[in-house]
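Readers should treat all values here as calculations from the given coordinates under stated rules, not as data from a laboratory. Keep in mind that this is a model prediction, so the values were computed, not measured. Don't worry about glycine lacking a Cβ; one is built from the backbone with ideal geometry, like all the others, and counts go over all protein chains shown.
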Amino acid sequence: MLISSLGQGLLWAPLAIGVFITFRILDIPDLTTEGSFPFGAAIAVSLMLKGQSAITAAVVGFLAGCLAGLVTGILDTKFRIPSLLAGILTMTGLYSINMHIMGKSNVPLLDQKVLTEYLPAGWNLEIQTIILGLIVTVIVVTLLYLMFKTRLGLSLMATGNNKEMSSANGINTDGMIIFGYMISNGFIALSGALIAQSNGYADIGMGIGTIVIGLASVLVGEIFLRGHNILTRLIAMVVGAIVYRLLLTVAMGLGFPPDDLKILSAIILVIVICVPIIQNRIRTKRQLKKYLAQMEEQDDESITSEASTKGLLSRD
Amino acid sequence: MMKVLQVKHLQKVFFPGTDNERHILKNINLQVEEGDFISVIGNNGAGKSTLLNTIAGTLQADAGEIDLVDHDVSKKSVAYRSRFMSRVFQDPKMGTAGDLTVMQNLILAQDHQHTVNLKWYQKKNDIPQYQELLKTLNMGLENFLDTQVKYLSGGQRQALSLLMATLSKPKLLLLDEHTAALDPKTSHEVMKITDDMVQKKHLTTMMITHKMSDALKYGNRLVMVQDGQIKLDVRGVQKNNLDKEQLLAAFE
């Protein structure tokens, strides 16, 4: 169980990283995710059925996601459509495009060679999945880590943090936002391509709920690994994706039917959003109590009582 | 003397064609010469901030021309104009990126032109140079290179913004009531640092202020904006002879 969630989690990690780029770096909740994930899957499966290799299919899937991000980015920055709506528009449009690419709502792979089959045949499927997931994750995390060390990456982070300041320092903020949307959706579509290969089919409905999965992975990851170092944050996303898969597997093991997984995802997201807030509130309250108790010890008793009666009587 | 900035027949109208139509800038003409340190004063709503925003490019001019270092930039973006100018905002949070470190902010501010490339932005050898720069602020910031800017105080953030604004060697420095959000003591300190920097680096500066005393004390030129027009523009000896009463009288 642990082994299979590890492998699956690693395949979902690019999705978490993609959502992290828009949600955390650019501070935009991007709903394009729900369209770009099946877009990557549809492109990859169609290409493979047409005789392309699994590697080409995955790379083109990534590029297709970039294209979807480009559309949302232009709608957001150039047409000034609010980012939430821009994402919904692209996502809705992609539904039709995905149907056209696939021709029907579910397209299975036949005997095409998938990525895991490039690995030694002696290993069992779960190990193959883990190794494939690790290779992809290491490539994605390394590329992004290096990118964030360049001036381009710094400009991207600055744009997400303070747009006015960034443009006042010469950064083309519209360009940076579009770039962010593009790589984000590229990785999300890559995840879609990997999952389609792992499942053995592409399905028109496989995008439903992916934004919730992505956000939950981001937040779970941040609960486990904190820090403002970019490498830590990227690794936290991978951890988040794995832990999230594990949570789902546990739920399935408890006997939840697959149809209930979506509501379960939503509930998990609500919990991981609320837990840090409540934790924080309790911690602050405890610290405050401790601090005030210390102050009281230091103060003269008569002064405190005088102050409190005054506080009771005053009407301001 | 070289003209750093020429504003010609500048017009700005907000909400044209509606009941709320407001003509904020009415045919403004202004020439800023190299080395000028101009204090800009005026009532609330007189158009000072609109003028500064239109020069910086955050607002587009409705008519007229803005020439920066001898070429028309009135249709250019904020990012393009920032190659020639820097800006310090009123809100200390606006001028810096809070989630980034002090060092990252300084690096961002240093080069307004090559903002997208694949070179490492941070080099170990540059650390002493940034520490030296921060020491000039006298706020102990040299020990906080790797601290996220959001943990600094308002005064420290504003001093940092000011330092950042000078790093790209701008032809024009815009200060938009940059001490207004600070307490009196910090405001005084930041104003002193401002004056030091402007003098030392010979920066051509436009400073909006609400403090009459600062407007009189600092700079070689004083411009008063009233009802969308420039009502008073004095420099040199004429400015030095001005006192608070005369200035207040001019406001009427």
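A few notes on this one:
- The angle between the Cα long axis of helix A:301-313 and the longest principal axis of the Cα atoms of chain A comes to about 70 degrees, rounded to the nearest 10.
- Max mean-square fluctuation residue, GNM over chain A, Cα-Cα springs under 10 Å, options A:Ile127, A:Ile97, A:Ile263: A:Ile263
- Region A:70-110: radius of gyration and largest Cα-Cα distance (Dmax), Å: 13.5, 44
- Antiparallel %, DSSP beta bridges [both residues in region B:94-252], to 5: 65
- Near-label residues of region A:168-199 by backbone N, under 17 Å of a point 7 Å along Cα→Cβ of B:His114: A:170-172
- 5 angstrom amide H check on B:Val4, placed H, neighbours 5+ away: B:Val32, B:Glu33, B:Glu34
- Straight-distance crosslink candidates among aspartates and glutamates, where the alpha carbon sits under 16 Å from A:Lys104 and sequence neighbours closer than 8 are dropped: A:Asp203
- All lysines inside 27 Å of A:Lys285 as judged from Cα atoms, apart from same-chain residues fewer than 8 positions distant: A:Lys310, B:Lys150
- Cross-link table B:Lys76/B:Lys211; B:Lys93/B:Lys124; B:Lys48/B:Lys200; B:Lys76/B:Lys169; B:Lys48/B:Lys135, entries beyond 29 Å C-alpha to C-alpha: B:Lys76/B:Lys211; B:Lys48/B:Lys135
- Normalised per residue, the volume of the convex hull around the Cα set of region A:10-75 (Å³): 81
- Near the amide H of B:Val225, within less than 5 Å, lie the amide hydrogens of B:Ile41, B:Gly42, B:Lys231, all on another chain or at least 5 residues away, with H placed in the peptide plane.
- Exercise: per-residue mean of other protein chain Cβ atoms within 10 Å, A:172-182: 2
- Chain B: angle of helix B:154-167 to the longest principal axis, Cα-based, in degrees nearest 10: 90
- Projected label distance in nm at B:Ser213 and A:Glu117, using a 7 Å step from Cα toward the beta-carbon: 8.3
- From the largest down, region B:97-162 spans 33, 22, 18 angstrom on the principal axes of its Cα atoms.
- P(r) of chain B over all Cα-Cα pairs, binned every 5 Å from zero, in whole percent: 1, 6, 13, 17, 19, 16, 13, 8, 5, 2, 1, 0
- Taking one quarter of the surface of the convex hull spanned by the alpha-carbon atoms of the protein assembly as shown gives a direction-averaged projected area of 36.1 nm².
- Relative contact order for region A:39-102, counting Cα pairs under 8 Å that sit 6 or more residues apart, in percent: 35
- Highest-MSF residue in chain B out of B:Val88, B:Val102, B:Val234 [GNM, Cα springs under 10 Å]: B:Val234
- Counting all C-alpha pairs of region A:2-206, share separated by more than 25 Å (%): 37
- One compactness figure for region A:1-110 is 1.15, namely its Cα radius of gyration divided by 2.2 N^0.38 Å.
- Degrees, to the nearest 10: A:173-199 long Cα axis against longest axis of chain A: 60
- In a reduced charge model with +1 at each Lys and Arg Cβ and -1 at each Asp and Glu Cβ, the protein assembly as shown shows a dipole moment near 740 debye about its Cα centre.
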